[in-house]
1. Spot the failing condition for ASP90; the list is (1) among the acidic types (Asp, Glu); (2) more than 29 Å from ILE238 (Cβ to Cβ); (3) outside any loop (DSSP other than H, G, I, E, B), and only one is missed.
2. What's the total number of residues in the stretch 231-273 that are aliphatic (A, V, I, L, M), in contact (Cβ under 8 Å) with a residue 40 or more places away in the chain and closer than 24 Å to PRO174 by Cα?
3. Out of THR134, THR78, which single residue is outside any loop (DSSP other than H, G, I, E, B), among the polar types (S, T, N, Q) and either within 21 Å of ALA261 (Cα to Cα) or more than 19 Å from the chain's Cα centre (by Cα) (or both)?
4. Do any residues in the stretch 82-102 that are within 16 Å of PRO27 (Cα to Cα) and touching a residue at least 12 places away in the same chain (Cβ under 8 Å) have Cβ atoms under 9 Å from those of residues that are surrounded by fewer than 20 Cβ atoms within 10 Å (Cβ to Cβ) and basic (Lys, Arg), where the two are at least six apart or on different chains, and which pairs are they?
5. THR39 fails exactly one of the following numbered conditions: (1) modelled with pLDDT of 95 or more; (2) among the β-branched types (Val, Ile, Thr); (3) assigned to a loop (DSSP other than H, G, I, E, B); (4) over 23 Å from GLU270 (Cβ atoms). What is the number of that condition?
6. In a helix (DSSP H, G or I), among the β-branched types (Val, Ile, Thr) and under 16 Å from the mean Cα position of the chain (by Cα): does that describe VAL184?
7. Where residues in the stretch 163-181 are loosely packed, with under 13 Cβ neighbours inside 10 Å and more than 21 Å from the chain's Cα centre (by Cα), which of them is farthest from ARG264 (Cα to Cα)?
8. I need a count of the residues in the stretch 157-188 that are touching a helix residue (DSSP H, G or I) at 6+ places or on another chain (Cβ under 7 Å) and of a type in the set (Gly, Ala, Ser).
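The values are calculated or read from the model by the stated rules, or taken from the named source; none is laboratory data. Please read all numbers here as calculations on a predicted model, not as lab measurements. Please note: Cβ atoms are built from the backbone with ideal geometry, for glycine as well, and neighbour counts cover all protein chains shown.
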Amino acid sequence: MSDDPTASDVAGAPALEATSLRETENPRLLLVLVPGLGTDVASTWRAAAAHLPEDVWAVGLDLPGHGRSAPWTDAPATPSMPQLARAVVDAVQRLRSTHPRLEHSPLRVAGTSLAGGLTLQLAAEHGAVVDSATVFGGLPRFGTAEAWRDRAQQVLDDGTEALTEGSMPRWFSPAFRASAPEAVHAVMGSLRAADDSSYAALCTVLSGFDLRKELPAISTPVHLVAGELDPVAPPEEIRAAAEAIPGARLTLVDGVAHQIAVERPQRAAELLSA
């Protein structure tokens, strides 16, 4: 795909708020971390960022209406993944203009779940900007369009609070829920705090997202990371995506569910900084 999508593809791209996670005097790598649908940077990526090497400059970007990012009030009727990809590219450009030390640092983007799909979109569409991509529990296609439209309506009717009970066992392994209740509580709190209309718009993004045919054309180095117990992005589906991308790496993390970076922050940092 072209590195310069048409104006119609990116019209309505939201502004994503950046959270500084690690700064360094001589960065060898600029790492941009994006959390998944219903979660924020603070509860998902901060712990992993604390384990990164000192020469990695790390920034988190919250999705629209999540964490520090403003709601997607001007979202079009059919918001798309290319619009979110453009939002990430715009945020990186702002960051480089503000911090000249980052001008020549290679860019690695990493995302979880929806943001894993977004990371694949960036690898396919913005290879001239993104030097490498790491996908945690992400797929080129999630579920069915009908299921995402139903989820969007559920949130508009009942709010994200209605999703917490069902999300917790999909996001975290039983062992982690028992051993780290505070970390689980923080992530679930970010789901409750997410803007309902923005969450619904992101469900609409997922209803139309299907990058499977684009995978063989990706030339950006991609590393896909699967959680052994993940029911949202099962390891066999992530393996199929890895096999479709030329030269892609695949890592299976044992004993974790969907929120890999939350359950294994040190392991996530190792994979991100390799």
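1. (2)
2. Total meeting the criteria: 11.
3. On the way: THR78 fails: outside any loop (DSSP other than H, G, I, E, B).
When all the criteria are applied, what remains is THR134.
4. LEU102/ARG96
5. (4)
6. Numbers: in a helix (DSSP H, G or I): yes; among the β-branched types (Val, Ile, Thr): yes; under 16 Å from the mean Cα position of the chain (by Cα): no.
No; evaluated as a whole, the condition is false for this residue.
7. Ranking the candidates gives GLU165 first.
8. Of the residues in the stretch 157-188, 6 are touching a helix residue (DSSP H, G or I) at 6+ places or on another chain (Cβ under 7 Å) and of a type in the set (Gly, Ala, Ser).
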